[in-house]
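The values are calculated or read from the model by the stated rules, or taken from the named source; none is laboratory data. The structure displayed is predicted, hence computed values, not measured ones. Glycine gets a Cβ as well: all are built from the backbone with ideal geometry, and neighbour counts include every protein chain shown. These area figures cover heavy atoms from the full protein model, side chains too; ligands, DNA and RNA do not enter into them. Shrake-Rupley method; radii C 1.70, N 1.55, O 1.52, S 1.80 Å.
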Amino acid sequence: MQESAPDPPASGSGRRNDGRDDGRDDDAVTDLTPEQIRERLRRRAAFLRELAEARELRERVTPHRSRRARIHAALRRRTFRSL
């Protein structure tokens, strides 16, 4: 009697074709309850607000750095502009 080949793993299994783990854990994403997802999004939004606030504060406190950064960014954009 001839045995059939084993079924390949599902595409989102966290395993690569060569058998190595790619670091993804699909179970961690699907195990979250709606409350946990809302809490995670709320914490993420608060973090991003605080990050933006910190960046604005840094620009106000050290204007010479932000001015220098804007000048350097403009020079970089000008350098890579196509002719």
Hand me the list of helices (runs of 4 or more DSSP H) wholly inside the chain holding 1 or more residues that are touching an Asp or Glu at 6+ places or on another chain (Cβ under 9 Å) and at pLDDT 75 or above. 63-79
List every residue pair whose Cβ atoms lie under 8 Å apart, where the two residues are 6 or more positions apart in sequence or sit on different chains, the first residue falls within region 35-63 and is without any contact (Cβ under 8 Å) to a residue 40 or more places away in the chain, and the second residue, located anywhere, is open to solvent by less than 90 Å² (accessible area, probe 1.4 Å) and part of a helix (DSSP H, G or I). 58/66; 59/66
